[in-house]
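Asker: Below are the structure tokens for one structure; questions will follow.
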Amino acid sequence: MTRTDAPTELSATLPDGRRVAVAAYGDPAGPAVVLLPSGPGSRRIDPDPAATAAAGVRLLVVDRPGYGGSDPLPAGAVPTLPAVADVVAAALADLGVRDAGVVGWSSGGWVAAALAARHPDLVRALAVVGSPAPDDEVPWVGEEHRAALRTMRRDPAGALAALAAQLAPLAGTGGDAALVGAGPADERLLADPQVRERVEAMLREAVRPGVLGMATDVVAVNVSPPGFDLGAVGARTTLFYAEQDAVVPLEAGGWWAARVPGARLETVAGVGHLLLLPAWGRVLAAVR
């Protein structure tokens, strides 16, 4: 079997000329698995290279608009989940990918679900990993941010610039793993230097061009209306949630399971919001 542990850098071109950066890992001849990472997140992560190799898949990790090497949404566009999902679909089409298992981690899970709902012929299977439910149904947003989100919902068009200005100091944080992992379970996982470097490399690339990718994610997931129906997801779906997640409560998995037809909910013991890394073999088995 031919494979490579080092990523191959790919660049897709959208119909309007914008570019989307994608990193390919694993077996170039294997079935395609698309990973949409956390927010913030970037293409610079293979959650567990040994598991990727064992599964024999071609792993394609996508930079969403504004992250890493991907161009932002067009000037003046309001970030929405359908808009971001359609960017991913167009990028995969440009790369010749017509059938894929799709994994969405944290906020990436919302984009993955929108992709499955809007492009059913593309998504053969879906895995949602530690993705939040709406805060007003399963609370997870800190109280200090909740009022700001309510204000932004009154003006989604102006929210992107305002949020980017607020997040600007994070552009200098580099690869601070606390941007995606919090709590004792994640700290135990990050005590492994190889795991920490994997997470921090993803984050360094995510914020390298600035914070517009982060702001786009927040507006699309938490400010703009969803713009699609979870009930329209027809792909075989597995939901993975961690028992010790200090970011997204376990109850969010039940919320998703009640809304995605036929979704199977799996809980992962002993880990937190970084569950994608230790559970990667299980996740790949669900979408391969």
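Asker: Select from the range 124-139 the residues that are hydrophobic (A, V, I, L, M, F, W, C) and open to solvent by less than 10 Å² (accessible area, probe 1.4 Å) and write down the one among them that is farthest from residue 150 (Cα to Cα).
Answerer: 125
Asker: Which of the residues that make up the range 76-90 are over 17 Å from residue 120 (Cβ atoms) and in contact with a strand residue (DSSP E or B) (Cβ under 7 Å, 6 or more places away or on another chain)? Write out each step before concluding.
Answerer: Pass one, the range 76-90, residues over 17 Å from residue 120 (Cβ atoms): 76-80, 83-84, 87.
Matches in the range 76-90: 87 only.
Asker: Pairs needed: first member in the range 151-169, farther than 17 Å from residue 214 by Cβ and modelled with pLDDT under 90; second member anywhere, open to solvent by 40 Å² or more (accessible area, probe 1.4 Å) and not in a helix (DSSP H, G or I); C-beta distance under 6 Å; at least 6 residues apart or different chains.
Answerer: 157/78
Asker: OK, next. Would you check which residues across the range 181-206 are aliphatic (A, V, I, L, M), closer than 25 Å to residue 165 by Cβ and under 15 Å from the mean Cα position of the chain (by Cα) and list them?
Answerer: 202, 203, 206
Asker: Cβ-Cβ below 6 Å, separation at least six or inter-chain, first residue in the range 256-267 and under 17 Å from residue 242 (Cβ atoms), second open to solvent by 40 Å² or more (accessible area, probe 1.4 Å): which pairs?
Answerer: Final answer for the pair search is 257/265; 267/243.
Asker: Another question, then. Tell me, please, whether a residue that is crowded, with 24+ Cβ neighbours inside 10 Å and in a helix (DSSP H, G or I) can be found in the range 49-65.
Answerer: Yes: one or more hits.
Asker: Would you point out the residue of the range 226-242, among those that are hydrophobic (A, V, I, L, M, F, W, C) and more than 15 Å from residue 105 (Cβ to Cβ), that is surrounded by the most Cβ atoms within 10 Å (Cβ to Cβ)?
Answerer: So in the range 226-242, the residues hydrophobic (A, V, I, L, M, F, W, C) come out as 228, 230, 232-233, 235, 239-240, 242.
Among the residues that remain, those that are also more than 15 Å from residue 105 (Cβ to Cβ) are: 228, 230, 232-233, 235.
Details: 228: 19, 230: 20, 232: 14, 233: 26, 235: 24.
Checked the range 226-242; the qualifying residue surrounded by the most Cβ atoms within 10 Å (Cβ to Cβ) is 233.
Asker: Please determine, by comparing only the residues of the range 90-119 that are open to solvent by 10 Å² or more (accessible area, probe 1.4 Å) and under 14 Å from residue 36 (Cα atoms), which one is farthest from the chain's Cα centre (by Cα).
Answerer: 110
The values are calculated or read from the model by the stated rules, or taken from the named source; none is laboratory data. Just so you know, these numbers come straight off a predicted model, no measurement behind them. Neighbour counts run over all protein chains shown; Cβ positions are idealised from the backbone, glycine included. All accessible areas refer to the heavy atoms of the entire protein, side chains included, with ligands and DNA or RNA removed. Shrake-Rupley method; radii C 1.70, N 1.55, O 1.52, S 1.80 Å.
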